[in-house]
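The structure under discussion appears below in the form of structure tokens.
The values are calculated or read from the model by the stated rules, or taken from the named source; none is laboratory data. As the structure is a prediction and not an experimental result, all values here were calculated from the model. We place every Cβ from the backbone using ideal geometry, glycine too, and count neighbours over all the protein chains shown.
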Amino acid sequence: MDIVMVGKRIKEARERKNLTQEELAALVDLSSTHVSVIERGIKVPKLDTFVAIANALEVSCDELLIDSVDHSSVGVPDELAEMIAKLPAKDRKKIIDIVRIFVEE
């Protein structure tokens, strides 16, 4: 498991919710220092802490573990769809054409 990437996704989810580390810490009963350590991938949170963070950020655990789980209800397809949606229409079509060729082989 790439704990640095998990921490990065926690930080991104926190920022999408416009929460500071201090606010997230208060929601999950941690110190802001502990949240910082988790977000930087220095320390792996306990399972109950991880679930509390996911719940506070209103994201699924598998979304935070996208590169670590093989079977996810969200994950790669959702992340890919979000990235493609941000592209100009012409580039979206190119990506879809490339994927279609890849899948048909």
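Structure values in brief
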| read-out | value |
| --- | --- |
| Subset of region 40-55 that is under 13 Å from Val6 (Cβ atoms) and in contact with a Leu (Cβ under 9 Å, 6 or more places away or on another chain) - its residue that is modelled with the lowest pLDDT | Pro45 |
| Any hit, region 63-86, residues being surrounded by 17 or more Cβ atoms within 10 Å (Cβ to Cβ), at pLDDT 85 or above, at negative phi and assigned by TED's automatic domain parsing to the domain that holds Ile3 | yes |
| Near pairs, Cβ below 7 angstrom, 6+ apart or cross-chain, from region 2-22 (closer than 15 Å to Ala52 by Cβ) to any residue that is hydroxyl-bearing (Ser, Thr, Tyr) and assigned to a helix (DSSP H, G or I) | Gln21/Ser32; Gln21/Ser36 |
| Count of region 23-38 residues which are more than 16 Å from Phe50 (Cβ to Cβ) and in contact (Cβ under 8 Å) with a residue 24 or more places away in the chain | 0 |
